[in-house]
Amino acid sequence: MKKYLCLLILLSLAIASVHGQSETTGDYWVYFGTYTGFTYMKEGLAAGGSRSKGIYVSRFHPATGELSRPALAAEITNPAFLAIHPNHRFLYAVTEDPLSLGPNFDHSSYVSAYSIDSATGKLHLLNTLTTGGTSTCYLSIDKTGHYLMFANFGSSSVTILRIKDDGSVGEQTAFMKHVGSGKDTAFQSKAHPHSIDVSLDNKYAVVSDLGVDKLFIYKFDASTGALSPDQPPFVQAEAGGGPRHFTFDSAGKFGYSLHEMSGYITVLAWDAASGSFTKIQDATSLQADFIGANDSAEIAIHPNGKFLYESNRRFRGPDMWGPDSIAVFAIDPIKGTLTAVEQVPPGGTMPRNFAIDPTGSYLFAANELSGNVAVFKIDTLTGRLSPTKTDLKIDVPVCIVFLPAGK
């Protein structure tokens, strides 16, 4: 009887192991958000053009690195940021600046909900509603999958909308207006929320505000979708720093705030019980002798928790782009502090966004100005990046998300 039970246990473990391997080595759909009406913003106005038609999708096989040619998954104007629902059945896209006029002239932004055909990767529109703000540049989903959260760059606000059981977008549950200005009168004449993300326990929402140099902390009520100010209500960044994006580590012990204008990555110890941060380090990939403008863009932590990556868009004068980079940092597992590992060219110009595939094997860099997505192999022991021969031509790519593909 004991032998029989042992055999059953071993068989169960073997099946679980195979199932786990299929989840980590199976194919993924890779979705690419784009700007369809312009290439980039120049002094607050839309500049350049685009031939993109919306959201594109490729099939990715991480075991070999193979990637199919991108196909149009859904036609939509300026899908600037994307998010996949935790149940993997729905995708959400924000239409930033639908008339491509620039933040100061945008009258409304929108969010569209799509059901996902897991076998083909195609998207099917469920509904579209206003986000409750203008020039919405970021969205995220709370841990319950019941709420969409938006950072509205143009209208200086953050909003939350309910997700209905069928995946469609419902009513607004929260609205917070930010006021004030920053040191740089050209870029910080008013508040500019740039991202909103929940804590691991889903009790707090952290908002990066580029315009007023603050990292706001809100209490989040997952039963109602409401926000309320925390105490203290924010963390002050350096003057002219411009907090843009933020991420927690996988254990929820530390937060990492990427500052677009200064290039700083501020490391913060997180007290989940009180909902408060304590600053412990300012790291940077910007060389001390660099002369020009810095626009750091995206930040992400490797699935193994050992490395942090961030992208940098830089220019030294009119049409003098670069040197752009993807910077790699090692994370101290005890202190949470960062140590520089390397910087590599992003394989194009203006790396607005990047994403690490769920297996942790590859990094995809979306280069907005050069119109391509460059793929890098990740050394999971050192964090270092090596360019591959894969280079996707996509007009004005600005966001990348992954989803397990159906059979």
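The values are calculated or read from the model by the stated rules, or taken from the named source; none is laboratory data. Everything numeric in this text was worked out from a predicted model, so none of it was measured. FYI the Cβ positions are ideal-geometry reconstructions off the backbone, even for glycines, and counts take in every protein chain you see. Side chains are part of the model used for accessible areas, which takes the heavy atoms of the whole protein and leaves out ligands, DNA and RNA. Shrake-Rupley method; radii C 1.70, N 1.55, O 1.52, S 1.80 Å.
Taking Thr278, is it of a type in the set (Ser, Thr, Tyr), assigned to a strand (DSSP E or B) and open to solvent by 60 Å² or more (accessible area, probe 1.4 Å)? Yes.
Of all positions in segment 311-324, at least one carries a residue that is among the polar types (S, T, N, Q), under 30 Å from Thr390 (Cα atoms) and surrounded by 14 or more Cβ atoms within 10 Å (Cβ to Cβ). For first residues located in segment 271-282 and under 16 Å from Asp249 (Cβ atoms), partners that are part of a loop (DSSP other than H, G, I, E, B) and open to solvent by 50 Å² or more (accessible area, probe 1.4 Å) and lie 6+ apart or on another chain with Cβ distances below 8 Å form the pairs Ala272/Leu200; Ala272/Asp201; Ala272/Lys203; Ile280/Lys335. Any chance segment 182-199 includes a residue that's in a loop (DSSP other than H, G, I, E, B), open to solvent by 10 Å² or more (accessible area, probe 1.4 Å) and within 27 Å of Ala113 (Cα to Cα)? Checked against the condition, which is being in a loop (DSSP other than H, G, I, E, B), open to solvent by 10 Å² or more (accessible area, probe 1.4 Å) and within 27 Å of Ala113 (Cα to Cα), segment 182-199 yields at least one hit. Of everything listed in (1) buried (at least 18 other Cβ atoms within 10 Å of the Cβ); (2) out of contact with any Phe, Trp or Tyr (no Cβ under 6 Å at 6 or more places or on another chain), the single unmet condition for Ser228 is (1). Just one of the listed residues (Ala327, Ala340) is closer than 23 Å to Gly255 by Cβ, open to solvent by less than 10 Å² (accessible area, probe 1.4 Å) and not hydroxyl-bearing (Ser, Thr, Tyr), namely Ala327.
Beta carbons closer than 9 Å, at least 6 apart along the sequence or on distinct chains, pair a first residue in segment 338-354 that is within 9 Å of Leu369 (Cα to Cα) with a second that is of a type in the set (Val, Ile, Thr) and open to solvent by 10 Å² or more (accessible area, probe 1.4 Å) for Met350/Thr39.
On inspection, Ala269 passes the criterion of being out of contact with any helix residue (DSSP H, G or I) (no Cβ under 6 Å at 6 or more places or on another chain), of a type in the set (A, V, I, L, M), in a strand (DSSP E or B) and farther than 30 Å from Glu43 by Cβ.
Residue count for segment 139-149, restricted to those that are in contact (Cβ under 8 Å) with a residue 60 or more places away in the chain and open to solvent by 10 Å² or more (accessible area, probe 1.4 Å): 3.
Out of Thr382, Thr359, one residue alone is under 24 Å from Asp117 (Cα atoms) and open to solvent by 10 Å² or more (accessible area, probe 1.4 Å). It is Thr359.
Within segment 49-84, the residues that satisfy the criterion of being assigned to a loop (DSSP other than H, G, I, E, B), surrounded by 15 or more Cβ atoms within 10 Å (Cβ to Cβ) and either within 19 Å of the chain's Cα centre (by Cα) or touching a residue at least 24 places away in the same chain (Cβ under 8 Å) (or both) are Ser50, Ser52, Pro62, Gly65, Pro70, Ile76, Thr77, Asn78.
Among the residues in segment 251-266, are any open to solvent by less than 30 Å² (accessible area, probe 1.4 Å) and β-branched (Val, Ile, Thr)? Yes, segment 251-266 contains at least one residue that is open to solvent by less than 30 Å² (accessible area, probe 1.4 Å) and β-branched (Val, Ile, Thr). Ala46 meets each of the listed conditions (1) more than 27 Å from Thr185 (Cα to Cα); (2) open to solvent by less than 60 Å² (accessible area, probe 1.4 Å); (3) part of a strand (DSSP E or B) apart from (1).
For (1) among the β-branched types (Val, Ile, Thr); (2) over 23 Å from Tyr92 (Cβ atoms); (3) under 14 Å from the mean Cα position of the chain (by Cα), each residue gets a yes or a no:
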position: Gly348; (1), (2), (3): no, yes, no
position: Asn353; (1), (2), (3): no, no, yes
position: Ser370; (1), (2), (3): no, yes, no
position: Lys393; (1), (2), (3): no, yes, no
position: Val396; (1), (2), (3): yes, no, no
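Condition test on Leu215, is it out of contact with any His (no Cβ under 8 Å at 6 or more places or on another chain), outside any strand (DSSP E or B), aliphatic (A, V, I, L, M) and under 21 Å from Ala151 (Cα atoms)? No: the conditions fail for Leu215.
Can Gly132 be described as more than 14 Å from Thr36 (Cα to Cα), in contact (Cβ under 8 Å) with a residue 12 or more places away in the chain and part of a loop (DSSP other than H, G, I, E, B)? Against the criterion (more than 14 Å from Thr36 (Cα to Cα), in contact (Cβ under 8 Å) with a residue 12 or more places away in the chain and part of a loop (DSSP other than H, G, I, E, B)), Gly132 qualifies.
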